[in-house]
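A.B. asks: Below are the structure tokens for one structure; questions will follow.
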Amino acid sequence: KKGGFEHYMLKEIYEQPEVFYNTIKALEKDTRLPMLRIPAEITVVACGTSYHAALVFRYLAQEYSSKRVSVEFASEFKYYTPPLRDMVIAVTQSGETADTLTAIEKAKARNCSTLAVTNVLGSTVSRSADWTVFMCAGPEISVAATKSFTGQLAVFMGMVNVMADGKFTEVLAHAHRSIERVLPQEMGAAVSLLLSATEMFYVGRGVFYPVALEGALKMKEISYIHAEGYAAGELKHGPFALLSPETPVVAICTPGRTYGVMLSNVKEMKARGAPVIGIGVEGDTEVESIVDVFIPIPEDHQMVQALTVSVILQLLAYQTANALERDIDKPRNLAKSVTVE
Ligand code: M6R
């Protein structure tokens, strides 16, 4: 049943190149998407991993289009509803998360148009929303969301491509190959650095900030190590007090506008004794020389790097949890779908 893999989570991680490819292809055939005439102001509501995918969308939409995207936790939206934009998008793998369903009802009551992004055909959310776009992830068994996150990113990146008049069609068409390349990544040295940790940080900037949040969620969910994701610039506004040789940091240092400042941040963390696992592009000796463990990803467009770094962080969480002999597919205290408030 697990297709030769030790856990569903690993099987689902390995399915991601196909999930991304299939979702992008399905979107291309979905002629309704351009017809949606994605409005100027969008609010996205979601929980957990789906919320992180929505944050990635916000960064990309801001950078590559003139749309205004705000993102809300569905659980907050119910009680503290902001002024609503033209369209509310509900993102939910299961399509059954109670808070997200309530949020969409609220949006309908306020006369917003509604779009569901989900993985489950016939799910409650798909019946409530005006429009539904499906991610083609297939059934996700492991409690930890992996391939559904990639499916959500595919939908959002496809939407950004529509907003940007097709500028990223080529980038998205080959992205699955970069994901394939990071799957066999050997994580032994990074895992060894984490095995005795009880707390750790993940830091990134821009689109890699929500990627860091998602990496930290994966780590705490399945390994039970207390992992916090931070926008790298925020670390010195408090969390620096916690840095020591016992608090490893995973730092995402990809090329681009924030590369230089990320490198300075890493040096500051090292100066406070924190062991650093750095993620950067292949051959980046500058990053490699200042971190304790270097994990390379292929050089690519930042959208694709958001995908490959996410996969690396899933593998890091998986391999750490496996070394700690955790119950990976069914972590303690959690259910796959949260159908109560
Ligand atoms: O089915 P949904 O996408 O609405 O679920 C939302 C969260 O419960 C879910 O993403 C949760 O955070 C995952 N277990 C994280 O891996």
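A.B. asks: On the basis of being under 24 Å from residue 298 (Cβ atoms) and either more than 16 Å from the ligand (Cβ to nearest atom) or more than 18 Å from the chain's Cα centre (by Cα) (or both), does residue 168 make the cut?
C.D. replies: Spelling it out, residue 168 is indeed under 24 Å from residue 298 (Cβ atoms) and either more than 16 Å from the ligand (Cβ to nearest atom) or more than 18 Å from the chain's Cα centre (by Cα) (or both).
A.B. asks: Report, by residue number, each residue of the stretch 91-113 that is in a strand (DSSP E or B) and surrounded by fewer than 21 Cβ atoms within 10 Å (Cβ to Cβ).
C.D. replies: 113
A.B. asks: So how many residues does the stretch 192-239 have that are in a helix (DSSP H, G or I) and either in contact with an Asp or Glu (Cβ under 9 Å, 6 or more places away or on another chain) or under 23 Å from residue 268 (Cα atoms) (or both)?
C.D. replies: Count: 20.
A.B. asks: List pairs: first in the stretch 223-247 and at positive phi, second part of a loop (DSSP other than H, G, I, E, B) and open to solvent by less than 30 Å² (accessible area, probe 1.4 Å), Cβ under 9 Å, 6+ apart or cross-chain?
C.D. replies: Qualifying pairs under 9 Å: 224/331.
A.B. asks: Looking at (1) closer than 23 Å to residue 264 by Cα; (2) surrounded by 15 or more Cβ atoms within 10 Å (Cβ to Cβ); (3) touching a residue at least 12 places away in the same chain (Cβ under 8 Å); (4) of a type outside the set (S, T, N, Q), which is the only condition residue 288 fails?
C.D. replies: All conditions pass for residue 288, except number (3).
A.B. asks: Now for a different question. Go through (1) in contact (Cβ under 8 Å) with a residue 40 or more places away in the chain; (2) acidic (Asp, Glu); (3) more than 15 Å from the ligand (Cβ to nearest atom) and name the single condition residue 140 misses.
C.D. replies: For residue 140, the failing item is (3).
A.B. asks: Further, regarding this structure: Open to solvent by 10 Å² or more (accessible area, probe 1.4 Å) and either within 16 Å of the ligand (Cβ to nearest atom) or touching a Leu at 6+ places or on another chain (Cβ under 9 Å) (or both): which single residue out of 257, 272, 205 fits that description?
C.D. replies: 272
A.B. asks: Moving on. Among the numbered conditions (1) in contact with a Ser or Thr (Cβ under 7 Å, 6 or more places away or on another chain); (2) closer than 27 Å to residue 25 by Cβ; (3) β-branched (Val, Ile, Thr), tell me where residue 56 comes up short.
C.D. replies: Just one mismatch for residue 56, condition (1).
The values are calculated or read from the model by the stated rules, or taken from the named source; none is laboratory data. In this text, all values refer to a predicted model and were calculated from it rather than measured experimentally. Note: ideal-geometry Cβ built from the backbone for every residue, glycine included; neighbour counts use all protein chains shown. For accessibility, only protein heavy atoms count, side chains too; no ligands or nucleic acids. Shrake-Rupley method; radii C 1.70, N 1.55, O 1.52, S 1.80 Å.
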